[in-house]
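> Can you read through this structure? Questions will come right after.
The values are calculated or read from the model by the stated rules, or taken from the named source; none is laboratory data. All of these numbers come straight from a predicted model, not from anything done at the bench. FYI the Cβ positions are ideal-geometry reconstructions off the backbone, even for glycines, and counts take in every protein chain you see. Surface accessibility is based on the protein's heavy atoms, side chains included, excluding ligands, DNA and RNA. Shrake-Rupley method; radii C 1.70, N 1.55, O 1.52, S 1.80 Å.
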Amino acid sequence: LGLRFLQHARLRLREEIDQRGGTDTLRRAYVVGDAALLGEEIYQRCPIITVGGPIANRWTAKVTSELPIDPLSVDGVTIQHETDASNRRVALWGDTGVTTRVAVQQFIDRGLLDHFLATIWPGGGAAQ
């Protein structure tokens, strides 16, 4: 059941990013597993949003000590992000699949996704 919530959270985030990208084919979310993120240097130069806790996601485990924790992180929900020009990374996770899904939803609903996209897309992250 937890994996189903985690998968739903990933798909929801991808849909939100793709919707905001409009018709621009370069403004899309690409889902890449943690093994590829850790194994292929080219991915590590890209902006990254990781979904899933450090036990299930090795990329999250790598960055949790490096990323600041957002004040929205309460009750088993963790939102960590750094969105300066040189280091655009986000980790969204929870104690369970349900709280991971809540982390993703809060990231979207509170405008943090739009802020993140504005740092990587010329003209911002609002829907086109």
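> Name, by its number, the condition in (1) out of contact with any His (no Cβ under 8 Å at 6 or more places or on another chain); (2) without any contact (Cβ under 8 Å) to a residue 40 or more places away in the chain that does not hold for Ile120.
Going through the list (1) out of contact with any His (no Cβ under 8 Å at 6 or more places or on another chain); (2) without any contact (Cβ under 8 Å) to a residue 40 or more places away in the chain, Ile120 breaks only (2).
> So which residues in segment 13-36 are assigned to a helix (DSSP H, G or I), without any contact (Cβ under 8 Å) to a residue 40 or more places away in the chain and touching a Lys or Arg at 6+ places or on another chain (Cβ under 8 Å), if there are any at all? Reasoning before the result, please.
To start, the set of residues in segment 13-36 that are assigned to a helix (DSSP H, G or I) comprises 13-21, 34-36.
This time we only want the ones that are without any contact (Cβ under 8 Å) to a residue 40 or more places away in the chain, so: 14-15, 18, 34-36.
Of everything in segment 13-36, those that are assigned to a helix (DSSP H, G or I), without any contact (Cβ under 8 Å) to a residue 40 or more places away in the chain and touching a Lys or Arg at 6+ places or on another chain (Cβ under 8 Å) turn out to be Asp18, Asp34, Ala35.
> Answer with yes or no whether Ile42 is part of a helix (DSSP H, G or I) and either open to solvent by 80 Å² or more (accessible area, probe 1.4 Å) or touching a Cys at 6+ places or on another chain (Cβ under 9 Å) (or both). Before the answer, list the steps.
Numbers: part of a helix (DSSP H, G or I): yes; either open to solvent by 80 Å² or more (accessible area, probe 1.4 Å) or touching a Cys at 6+ places or on another chain (Cβ under 9 Å) (or both): yes.
For Ile42, the condition - part of a helix (DSSP H, G or I) and either open to solvent by 80 Å² or more (accessible area, probe 1.4 Å) or touching a Cys at 6+ places or on another chain (Cβ under 9 Å) (or both) - is met.
> I've got another one for you. Could you please let me know if Arg101 is closer than 17 Å to Val31 by Cβ, at pLDDT 90 or above and open to solvent by 30 Å² or more (accessible area, probe 1.4 Å)? I'd like the intermediate steps shown before the answer.
Details: closer than 17 Å to Val31 by Cβ: yes; at pLDDT 90 or above: yes; open to solvent by 30 Å² or more (accessible area, probe 1.4 Å): yes.
In short, yes.
> What's the total number of residues in segment 87-97 that are more than 20 Å from Ala35 (Cβ to Cβ) and buried (at least 17 other Cβ atoms within 10 Å of the Cβ)?
To start, the set of residues in segment 87-97 that are more than 20 Å from Ala35 (Cβ to Cβ) comprises 87-88, 94-97.
Checking the rest, the ones that are also buried (at least 17 other Cβ atoms within 10 Å of the Cβ) come to 88, 94, 97.
Selection size over segment 87-97: 3.
> Taking segment 45-70 on its own, how many of its residues are aliphatic (A, V, I, L, M) and open to solvent by 70 Å² or more (accessible area, probe 1.4 Å)?
Selection size over segment 45-70: 3.
> Scanning segment 10-39 for residues that are acidic (Asp, Glu) and surrounded by 16 or more Cβ atoms within 10 Å (Cβ to Cβ), which turns out modelled with the lowest pLDDT? Break it down stepwise before answering.
Of all residues in segment 10-39, those acidic (Asp, Glu) come to 15-16, 18, 24, 34.
Applying the additional criterion that residues be surrounded by 16 or more Cβ atoms within 10 Å (Cβ to Cβ) yields 16, 34.
Working: Glu16: 96, Asp34: 88.
Filtering first and then ranking leaves Asp34.
> Now, a different point. Taking segment 38-58 as the region of interest, how many residues are touching a helix residue (DSSP H, G or I) at 6+ places or on another chain (Cβ under 8 Å) and farther than 17 Å from Thr83 by Cα? Please lay out each step first, then the result.
Of the residues in segment 38-58, the ones touching a helix residue (DSSP H, G or I) at 6+ places or on another chain (Cβ under 8 Å) are 38, 43-44, 47-58.
Those left that are additionally farther than 17 Å from Thr83 by Cα: 38, 52-58.
Final tally of qualifying residues: 8.
> Quick one: in segment 71-86, of everything that is assigned to a loop (DSSP other than H, G, I, E, B) and surrounded by 10 or more Cβ atoms within 10 Å (Cβ to Cβ), which residue is modelled with the lowest pLDDT? Working first, answer last.
First, the residues of segment 71-86 that are assigned to a loop (DSSP other than H, G, I, E, B): 71-76, 85-86.
Among the residues that remain, those that are also surrounded by 10 or more Cβ atoms within 10 Å (Cβ to Cβ) are: 72-74, 76.
Working: Leu72: 89, Ser73: 94, Val74: 94, Gly76: 94.
So, considering only residues that are assigned to a loop (DSSP other than H, G, I, E, B) and surrounded by 10 or more Cβ atoms within 10 Å (Cβ to Cβ), the one modelled with the lowest pLDDT is Leu72.
> Of all residues in segment 86-110, which are in contact (Cβ under 8 Å) with a residue 40 or more places away in the chain and among the polar types (S, T, N, Q)?
At the first step, the residues of segment 86-110 found to be in contact (Cβ under 8 Å) with a residue 40 or more places away in the chain are 88-98, 100-101, 103-105, 107-108.
Within segment 86-110, Thr96, Thr100, Gln105 meet the criteria.
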